[in-house]
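The block underneath contains the structure these notes are about, expressed in structure tokens.
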Amino acid sequence: MASSWVGQWRSSAWVVSTCLLVALLTCTLRCSECVTLSNIILILTDDQDVEMGGMTPMKKTKELIGDAGVTFSNAFTATPLCCPSRSSIITGKYPHNHLVRNNSISGNCSSTAWQKEAEPFAFPVYLNKMSYQTFYGGKYLNQYGSKDAGGVDHVPPGWDQWHALVGNSKYYNYTLSVNGKEEKHGDNYEKDYLTDLVLNRSLHFLEERSPNHPFFMMLCPPSPHSPWTAAPQYQQSFSDVKAPRNGSFNMPGKDKHWLLRQPANPMPNSSIEYLDNAYRRRWQTLLSVDDMVEQLIKKLDSIKELNNTYIFYTSDHGYHTGQFSLPIDKRQLYEFDIRIPLLVRGPGIKPKQTLQSPVLNIDLSMTILDIAGANLSTVNMDGQSFLPQMAPWLRNGTERPFFLVEYTGEGHSSEDPSCPKLGPGLAECFPDCVCEDAFNNTYACVRVLKDANLQYCEFADNESFVEVYNLTSDPHELENIVKKVDPALLQIMNQRLIKLQSCTGDSLCINVNMGQIRLFFNFKGRSSTIDKIESCKMC
């Protein structure tokens, strides 16, 4: 009897334990099914600065994204030009690794080599494999859709809905590739104004999407890039606005690379009138982007997705209007061209934060993949996720102590007819014979923010020209102090630059061991001690 009872007890216990295990597994599966992945939206403007007041028109954006989340005060581009910068955003890589040098096909902008070697490893491909529904609208890469880049038939992998501009920024009279089919547009505001079209098609995507899967949208309006065509209702806005006259405005480019020493100083009135007009019209075009942000957030709220959506707002690089007597453009190593706006809101991000952590546009892809739950150790990118900086409750994050900014200059083999005195090799020549770029306007910089505020840049030219700035005492980079600092500083910065220019992957481009070296600045006989960092895992 006892043996029989024991056997029944064991049998019953086995049944109970089995049932508990099945119930536990069922609960686990159901719970995993109930985990809701966050939606993600990236809004990328074209040429929007932060140093020259470029965010001033964005009142709704600052309230609805910045005040509702975090504003990064030290966000930078890895390179201050459209196509290589956008290529960095898409791939998460420095230009020396994705190999896009400038805005031309020969510079690898949207070339067949790029399409074969870089696009299959861009972050939207990972999202798509993770069941994200993906939408692209607006400017992609400057040469996209051209005959030499495969035409409008080419749709990069990873995108479910593709509404990409052919070529460079326009507001009217452009061509789109809509899922690989050509779509021409005219000059009717209601139907064709590109900023509004991108918004309207993104709203349609939100209406038609499957609620069973998360979504990612990348919205790339043309503003505030030239030709600065504002919507009709905004063409009279900011009528009294002029470019700011402070800092380096209309200052001579003494002690700088030869290209910066060429412009006439002071600038002629014709150049000042030209840049003031550009400045005002840039702001006018941004008002439609501000409306876009408002309408998009209203839509997300109405479909009950706002609280589960991360929204990023940024630009591909900065811009200048009159700094160092350069009328208008980007491409330079200075703060006005390399600093970018970056605002983010989303689940777990506390409102009204301003973070000083340095972040780069190569970090956007890793951050987006981090939000999506990707295994970042399997992703070959140079950036790092800044999600821990925005939402530290998730896990601890690390800040990079310094980073790389690099640029490859563009020029023409023949001289510009309007500037024959400057000879060949120049590009982007504006009124009054001021050229903004040249073949040897090719540089690489180490930008330091932690423990010091320094910029160290080397040019690839016959002079081996070097520029060094202490942005604590000289925030507008007026004085090149290369001849005034301790040579030990120059040697250390040179070694850092060599390492950064050869780095690949986040373990080499970011991770450093924090060791201190004492360096001395000598400013006209006065010395100050600064603790520095110089010990790297890749050494």
Which residues, taken from region 105-144, are in a loop (DSSP other than H, G, I, E, B), touching a residue at least 24 places away in the same chain (Cβ under 8 Å) and touching a Cys at 6+ places or on another chain (Cβ under 9 Å)? Gly107, Cys109, Ser110, Tyr140, Leu141, Asn142, Gln143, Tyr144
Could you tell me which residue of region 213-237 is surrounded by the most Cβ atoms within 10 Å (Cβ to Cβ), considering only residues that are more than 27 Å from the chain's Cα centre (by Cα) and not in a helix (DSSP H, G or I)? Ser237
Evaluate region 103-114: report whether one residue or more is of a type in the set (Val, Ile, Thr) and buried (at least 21 other Cβ atoms within 10 Å of the Cβ). no
Would you mind telling me which numbered condition in (1) at pLDDT 95 or above; (2) among the aromatic types (Phe, Trp, Tyr); (3) open to solvent by 10 Å² or more (accessible area, probe 1.4 Å) Phe430 fails? (1)
When Tyr469 is evaluated against the numbered criteria (1) crowded, with 17+ Cβ neighbours inside 10 Å; (2) at positive phi, which criterion, by number, is the only one it fails? (2)
Selection count where residues are among the hydrophobic types (A, V, I, L, M, F, W, C), within 14 Å of Gly54 (Cα to Cα) and part of a helix (DSSP H, G or I), scope region 279-332: 4
Test Ala231 against the criterion of being closer than 30 Å to Glu467 by Cα and either without any contact (Cβ under 8 Å) to a residue 60 or more places away in the chain or among the aliphatic types (A, V, I, L, M) (or both), and give yes or no. no
Quickly run through region 73-102 and pick out the residues that are open to solvent by less than 10 Å² (accessible area, probe 1.4 Å) and either among the charged types (D, E, K, R) or not in a helix (DSSP H, G or I) (or both). Ala75, Phe76, Thr77, Ala78, Thr79, Pro80, Leu81, Arg86, Gly92, Tyr94, Val100
Do we find a residue being touching a residue at least 40 places away in the same chain (Cβ under 8 Å) and not in a strand (DSSP E or B) anywhere in region 157-167? no
Before we move on, is Gly383 of a type in the set (Gly, Ala, Ser) and either part of a helix (DSSP H, G or I) or touching a helix residue (DSSP H, G or I) at 6+ places or on another chain (Cβ under 6 Å) (or both)? yes
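The values are calculated or read from the model by the stated rules, or taken from the named source; none is laboratory data. Small disclaimer: the values here were computed from a predicted structure and weren't measured. Ideal geometry is used to build each Cβ from the backbone, glycine not excepted, and the neighbour counts take in all protein chains shown. Only protein heavy atoms, including side chains, enter the accessible area calculation; ligands, DNA and RNA are left aside. Shrake-Rupley method; radii C 1.70, N 1.55, O 1.52, S 1.80 Å.
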